[in-house]
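What follows is calculated from the coordinates using simple rules that are stated; it is not laboratory data. On a predicted model such as this, the values are computed, not experimentally measured, just so you know. Every residue, glycine as well, gets a Cβ built from its backbone with ideal geometry; the counts of neighbours run over all protein chains shown.
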């Protein structure tokens, strides 16, 4: 009996380790960055905690890379603006299987804002 209890104590924490939430699939991203409203359609592919895929907005499709850690979701993409390459960082939290909310940070311009991502109906 003691061996069974000891085994449960050793194995249980491994079983209870949080798995990353699944965010794979299509998302509609509505953001306000520096007072300007933006919209993009993203298609995420997820393998374990790694996130890849693309987002398409005014400038066409952009490849993304990111991570999922529990309910935390982050990704980034590169965009062009007035001849300059910008990196757009999204950091959010999965509110439900259908909604992510968080912040947007555009570097090197140091412009930021907020976003809401929802799955299309």
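Taking the stretch 102-111 as the range and being exposed (fewer than 14 other Cβ atoms within 10 Å of the Cβ) and part of a strand (DSSP E or B) as the test, only 107 passes. Selection of the stretch 42-53 for residues being free of Cβ contacts under 8 Å to residues at least 40 places away in the same chain and part of a strand (DSSP E or B) yields 43, 44, 45, 46, 47, 50, 51, 52, 53.
Kindly establish whether residue 79 is under 16 Å from the mean Cα position of the chain (by Cα), surrounded by 15 or more Cβ atoms within 10 Å (Cβ to Cβ) and in a strand (DSSP E or B). No, not satisfied.
Looking for something in contact with a strand residue (DSSP E or B) (Cβ under 8 Å, 6 or more places away or on another chain) and over 17 Å from residue 34 (Cβ atoms) - is there at least one such residue anywhere in the stretch 106-113? There is no residue in the stretch 106-113 that is in contact with a strand residue (DSSP E or B) (Cβ under 8 Å, 6 or more places away or on another chain) and over 17 Å from residue 34 (Cβ atoms). Among the residues of the stretch 54-66, the ones that are surrounded by 12 or more Cβ atoms within 10 Å (Cβ to Cβ) and more than 20 Å from residue 96 (Cβ to Cβ) come to 9 in all.
Residue-by-condition table, conditions (1) without any contact (Cβ under 8 Å) to a residue 40 or more places away in the chain; (2) in a strand (DSSP E or B); (3) within 17 Å of residue 111 (Cβ to Cβ); (4) within 10 Å of the chain's Cα centre (by Cα):
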position	(1), (2), (3), (4)
23	no, no, no, yes
28	no, yes, no, no
40	yes, yes, yes, no
55	yes, yes, no, no
61	yes, yes, no, no
85	yes, yes, yes, no
93	yes, yes, no, yes
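With the structure loaded, tell me whether residue 69 is surrounded by fewer than 18 Cβ atoms within 10 Å (Cβ to Cβ) and under 15 Å from the mean Cα position of the chain (by Cα) or whether it fails that test. Criteria met by residue 69.
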